[in-house]
Amino acid sequence: MKSTVVIAVAVAILGGPLVAQEVKRVPKDSVRVSIPGCTKGYVFTAGRRTADQPGSVDLPEGMHLRMNGPRKVMAEIKAHEGSMIEITGLMKKGQYGPDGVGIGGGVRITPGPASGGSLPAGPNASQTFIDVEGWRPAVGYCPSR
């Protein structure tokens, strides 16, 4: 009887961390991505992908993403500002593909706003967002400005 209780307690203690590591479900209109790059404030700049750290989505180098996330995670990322990291998070489908046509050297021609009586777009109209779930250090360096 005593050994049954001891085994039950051991299973409960050892099984606890397994439940805590459960991955959140991805909504139908989103995709989970991992992207190497650098941060400055709440802006993440996609870095060059390497063969050993390819990331999970094809973002052009230098693309800026606005990061949203829990305060604790954002504070950890801010503490590593200036160092190459890889963030993992959720992005809306279709939001991360580059618009327009690349002509080389990081230059891309995109369509302008439609002519007519429409109001100008807000400051976040063309901004790409990522809901950060986690991060890890990555190999490489961040360019200094």
Open item on the list: Here's a check for you: in the range 60-95, which residue that is of a type in the set (V, I, T) and part of a strand (DSSP E or B) is farthest from K28 (Cα to Cα)?
Closed with: I85
Open item on the list: If I ask for residues that are at pLDDT 85 or above, touching a Pro at 6+ places or on another chain (Cβ under 8 Å) and either loosely packed, with under 13 Cβ neighbours inside 10 Å or small (G, A, S) (or both), which ones from the range 48-87 would you list?
Closed with: S83
- [ ] Determine whether the range 95-109 contains at least one residue that is aromatic (F, W, Y), within 16 Å of I130 (Cα to Cα) and either at pLDDT below 90 or in contact with a Phe, Trp or Tyr (Cβ under 6 Å, 6 or more places away or on another chain) (or both).
- [x] yes
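The values are calculated or read from the model by the stated rules, or taken from the named source; none is laboratory data. Not measured: the values here are computed from a predicted model. Here the Cβ is made from the backbone with ideal geometry for all residues, glycine too, and neighbour counts use every protein chain on show.
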